[in-house]
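The values are calculated or read from the model by the stated rules, or taken from the named source; none is laboratory data. Small disclaimer: the values here were computed from a predicted structure and weren't measured. Every residue, glycine among them, receives a Cβ derived from its backbone with ideal geometry; neighbour counts consider all protein chains shown.
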Amino acid sequence: MAAATHESAPKRPIALWERLVMAGASNASAATLTNPLDVVKIRQQLDGELKGRGAARKYPNFASGLVSIVRTEGLMGLYKGILPSVLRELSYSGVRMGLYEPFKELLGATDRANTPLSVKVAAGAMSGTVGASFANPCDLIKIRCQAYQGPGSLGVIDAVKHVVRHEGGVPGLWQGVLPSVQRAALLTATQVPAYDEIKHQCLRRGLASEGLLLHFAASSLAGFLTAMVTNPVDIVKTRMMEQRAAAASSGTAPRYSGALDCLLSTVRNEGPAALWKGAMASWARIGPHTTVSLMVFEGLRSAIGAEAL
């Protein structure tokens with residue numbers, strides 16, 4: 001009986017453009033709050049790259065990384081890359097979260113409350129793949145700006161010009177697209193389906209009713225799972241996207257021939273634990289980001305009179 005009564009009657013349908021706009025806006029709002037955590041995560045993931053397991057690290061943990069960046073670059077150092085970060089969320093997350101439900105329907109889902117988990121995971125992987133492929137330039141520029149440790153900040157236009165002029169033209173903006181797509185597919189196949197499944201399991205079992213408390217609990221659990229599952233792929237993506245800039249500044253050849261080489265080289269030189277470098281910073285970012293973005297997404301849906309996710 002609970003399964004039939006825990007949700008209200010279907011509300012007005014949501015147009016595709018509305019899904020994309022609401023998904024992009026909810027994730028962009030989350031990005032403005034979590035950018036400092038993202039900067040620390042990026043720096044940790046690049047710290048001690050291929051220098052051996054015993055090498056000294058500039059950012060050995062999240063707290064020291066945070067303090068070091070503020071001390072050497074000022075408070076605004078934590079907001080490097082904020083513009084491309086917001087642009088990335090508007091494009092990448094707008095697509096990956098906005099297309100999640102259309103892909104579920106494409107795969108045969110007709111009952112939101114009883115859709116098989118396998119369908120949710122497949123839909124998340126598909127929407128994540130499309131989003132990352134489309135928005136890779138924004139992701140690349142975001143990482144370049146956040147990794148920059150010089151005086152001031154690296155501007156978006158300057159970063160784009162450098163890539164286009166010195167790193168293969170416009171196609172250079174799609175450096176690292178393979179690990180980026182892999183991460184996005186894994187992230188969206190974990191984050192949104194986990195939230196979807198946890199929420200509807202609670203509703204089905206009568207453990208909670210639709211509302212802020214359930215949205216908060218489900219999104220918080222989904223954020224933790226997402227951070228732990230995606231960190232190894234995130235390491236590879238970050239290093240692949242940063243390697244040409246690092247090579248240009250040092251006058252050496254790029255470190256990796258591809259994503260697999262990056263993965264194997266990292267494990268061989270730094271040990272398996274290196275795949276979870278920045279994991280706490282990742283959780284500190286993805287956790288709140290997941291919670292804020294999904295709660296805002298649900299709030300926007302409610303505001304326009306549409307049904308919950």
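Here are some conditions: (1) part of a helix (DSSP H, G or I); (2) free of Cβ contacts under 8 Å to residues at least 12 places away in the same chain. Gly108 meets all but one. Which one does it not meet?
(1)
Please work out which residue is nearest to the chain's Cα centre (by Cα), limiting yourself to the range 25-42 and to residues that are surrounded by fewer than 22 Cβ atoms within 10 Å (Cβ to Cβ) and at pLDDT 95 or above.
Here the answer is Ala28.
Given the conditions (1) crowded, with 21+ Cβ neighbours inside 10 Å; (2) closer than 23 Å to Leu186 by Cβ; (3) touching an Asp or Glu at 6+ places or on another chain (Cβ under 9 Å), which single one is not true for Arg96?
(3)
Every residue in the range 43-64 that is part of a helix (DSSP H, G or I) and touching an Asp or Glu at 6+ places or on another chain (Cβ under 8 Å), please.
Start the filter on the range 43-64 by keeping residues that are part of a helix (DSSP H, G or I), which leaves 43-46, 62-64.
Selection gives Gln45, Leu46.
Residues Arg96, Arg165, Arg144: which one is touching a residue at least 60 places away in the same chain (Cβ under 8 Å) and more than 13 Å from the chain's Cα centre (by Cα)?
On the way: Arg96 fails: more than 13 Å from the chain's Cα centre (by Cα); Arg165 fails: touching a residue at least 60 places away in the same chain (Cβ under 8 Å).
Exactly one residue qualifies, and that residue is Arg144.
Residue under question is Ala125, and the condition is that it be at pLDDT below 90, more than 26 Å from Val40 (Cβ to Cβ) and either among the charged types (D, E, K, R) or in a helix (DSSP H, G or I) (or both); does it hold?
Answer is no for this residue.
Give all pairs with beta carbons closer than 8 Å in which a residue from the range 224-242 that is without any contact (Cβ under 8 Å) to a residue 40 or more places away in the chain and under 20 Å from Leu140 (Cα atoms) meets a residue that is of a type in the set (Val, Ile, Thr) and part of a helix (DSSP H, G or I); count only pairs at least 6 apart in sequence or on separate chains.
none
Would you point out the residue of the range 43-75, among those that are aliphatic (A, V, I, L, M) and modelled with pLDDT under 90, that is surrounded by the most Cβ atoms within 10 Å (Cβ to Cβ)?
Initial filter on the range 43-75 (aliphatic (A, V, I, L, M)): 46, 50, 55-56, 63, 66-67, 69-70, 75.
Going one step further and asking which of them are modelled with pLDDT under 90, we end up with 46, 50, 55-56, 63.
Details: Leu46: 22, Leu50: 15, Ala55: 12, Ala56: 8, Ala63: 12.
So, considering only residues that are aliphatic (A, V, I, L, M) and modelled with pLDDT under 90, the one surrounded by the most Cβ atoms within 10 Å (Cβ to Cβ) is Leu46.
Would you check if there is a residue in the range 285-306 being in contact with a helix residue (DSSP H, G or I) (Cβ under 8 Å, 6 or more places away or on another chain), at positive phi and exposed (fewer than 15 other Cβ atoms within 10 Å of the Cβ)?
Checked the range 285-306: no residue is in contact with a helix residue (DSSP H, G or I) (Cβ under 8 Å, 6 or more places away or on another chain), at positive phi and exposed (fewer than 15 other Cβ atoms within 10 Å of the Cβ).
With the requirement that a residue be touching a helix residue (DSSP H, G or I) at 6+ places or on another chain (Cβ under 7 Å), closer than 28 Å to Trp174 by Cβ and surrounded by fewer than 20 Cβ atoms within 10 Å (Cβ to Cβ), what does the range 103-117 give you?
Hit for the range 103-117 is Leu107, nothing else.
Quick test of your reading of the structure: Leu154 fulfils all but one of (1) more than 23 Å from Lys80 (Cα to Cα); (2) in a loop (DSSP other than H, G, I, E, B). Name the failing condition by number.
Condition not satisfied by Leu154: (1).
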